[in-house]
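To keep things clear, I will list the structure first and then write my remarks on it.
The values are calculated or read from the model by the stated rules, or taken from the named source; none is laboratory data. This is a predicted model, so every value here is computed, not measured. Every residue, glycine as well, gets a Cβ built from its backbone with ideal geometry; the counts of neighbours run over all protein chains shown.
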Amino acid sequence: MMKTLISLAAILFWLTPAFAQAQDQKRPIFDTHMHYSHDAWDVYTPAQILEKMDKAGVTKALVSSRPDDGTMKMLEAAPDRIVAGFRPYKVSTSLASWHSDPDLLAYSEPRLAKRQHRVFGEIHINTPENLETPEMKRYLEIVAEQGLIVQPHTDAAMLRVLFAKAPNLRILWAHAGFTEPASVVGAMLDQYPNLWTETSFRAGDIMAGGGLSAEWKALFIRHADRFMIGTDTWVVDRWHEYGGLIGEHRAWLELLPADVAEKIAYKNAEKMFPPTGN
Ligand SMILES: [Zn+2]
């Protein structure tokens, strides 16, 4: 009798939303837009960052930091969970000047020469002129030599200029263009087979009006192999609310077909960044 009651309880639990949520919590997330920059170091240790990831069900992360030491701290703390990206920034104002700053190139070259990074970015590219400097020429040479993925924060127009200049780049487009509508993101993915994108800062657009936008849903299904999750912990406040940022993404992932959700949650990123065995 007791046994029957227990099985009955198990079946009833299986039917509840709590079970669905528990299952969903188990879906791994690969966060492809993480920063562990200077202002976060005194607030959270790498071990505490890893705890936050564990709590949110984030198994792996692509990290880039200002300065790069933050990324190296995370890589050292969990080499099997962290993919290193390189941003050529030492201070916050570097994002506007790095394209033509010889000091930042001198800072970057020996670090990139160690070949610990798999991504060049997140980088900010604002104007076509940014691509025409001697420093940028050298950065693009290093990217090609090392086969790095580029993670630019740009709009669609600037991304087209970048692809025109370097058609063989493999690009992980930060924030799906930040403000670009689903139709533009879709057109870019249609046109460029070497383009992937991540959804940091986009949960509000994807869930506009509280439900999953039909346009974004159709796009996720059509290009299920090209989307990834990102949070963008660019200031320490974003670390305070990390669990909530992942939760916002889980909310819309849950409304997609399971195979599509799994690709976007972690499988696409796992494919782009297979384990190196280090
Ligand atoms: Zn960005």
Inset, instruction - Report whether or not HIS175 is touching a Phe, Trp or Tyr at 6+ places or on another chain (Cβ under 6 Å), in a helix (DSSP H, G or I) and in contact (Cβ under 8 Å) with a residue 24 or more places away in the chain. - result: yes
Legend entry - Residue selected from the stretch 178-206 under the condition within 16 Å of the ligand (Cβ to nearest atom) and assigned to a loop (DSSP other than H, G, I, E, B), by the criterion surrounded by the fewest Cβ atoms within 10 Å (Cβ to Cβ): THR179
Inset, instruction - Could you list, in sequence order, all residues of the stretch 82-97 that are under 21 Å from HIS240 (Cβ atoms) and either touching a helix residue (DSSP H, G or I) at 6+ places or on another chain (Cβ under 8 Å) or part of a strand (DSSP E or B) (or both)? - result: ILE82
Legend entry - All positions within the stretch 49-66 that are touching a strand residue (DSSP E or B) at 6+ places or on another chain (Cβ under 6 Å), farther than 18 Å from HIS240 by Cβ and either at pLDDT below 95 or assigned to a strand (DSSP E or B) (or both): LYS60, LEU62
Inset, instruction - Give just the number: which of (1) within 16 Å of the ligand (Cβ to nearest atom); (2) crowded, with 20+ Cβ neighbours inside 10 Å; (3) more than 16 Å from GLY230 (Cα to Cα) does ILE171 not satisfy? - result: (3)
Legend entry - Residue match in the stretch 136-149 (condition: without any contact (Cβ under 8 Å) to a residue 60 or more places away in the chain, within 16 Å of the ligand (Cβ to nearest atom), buried (at least 20 other Cβ atoms within 10 Å of the Cβ) and under 26 Å from VAL184 (Cα atoms)): no
Legend entry - Filter pass, SER94 being farther than 29 Å from GLU248 by Cα, polar (S, T, N, Q) and surrounded by 16 or more Cβ atoms within 10 Å (Cβ to Cβ): yes
Inset, instruction - Give the residue, chosen from HIS99, HIS124, that is touching an Asp or Glu at 6+ places or on another chain (Cβ under 7 Å), within 16 Å of the ligand (Cβ to nearest atom) and of a type outside the set (Gly, Ala, Ser). - result: HIS99
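Condition check ((1) over 18 Å from HIS153 (Cβ atoms); (2) surrounded by 13 or more Cβ atoms within 10 Å (Cβ to Cβ); (3) touching a residue at least 40 places away in the same chain (Cβ under 8 Å); (4) within 16 Å of the ligand (Cβ to nearest atom)) across all residues:
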| residue | (1), (2), (3), (4) |
| --- | --- |
| ALA214 | yes, no, no, no |
| ALA218 | yes, no, no, no |
| ALA224 | yes, yes, yes, no |
| ILE229 | no, yes, yes, yes |
| GLY247 | yes, yes, yes, no |
| ALA251 | yes, yes, yes, no |
| GLU254 | yes, yes, yes, no |
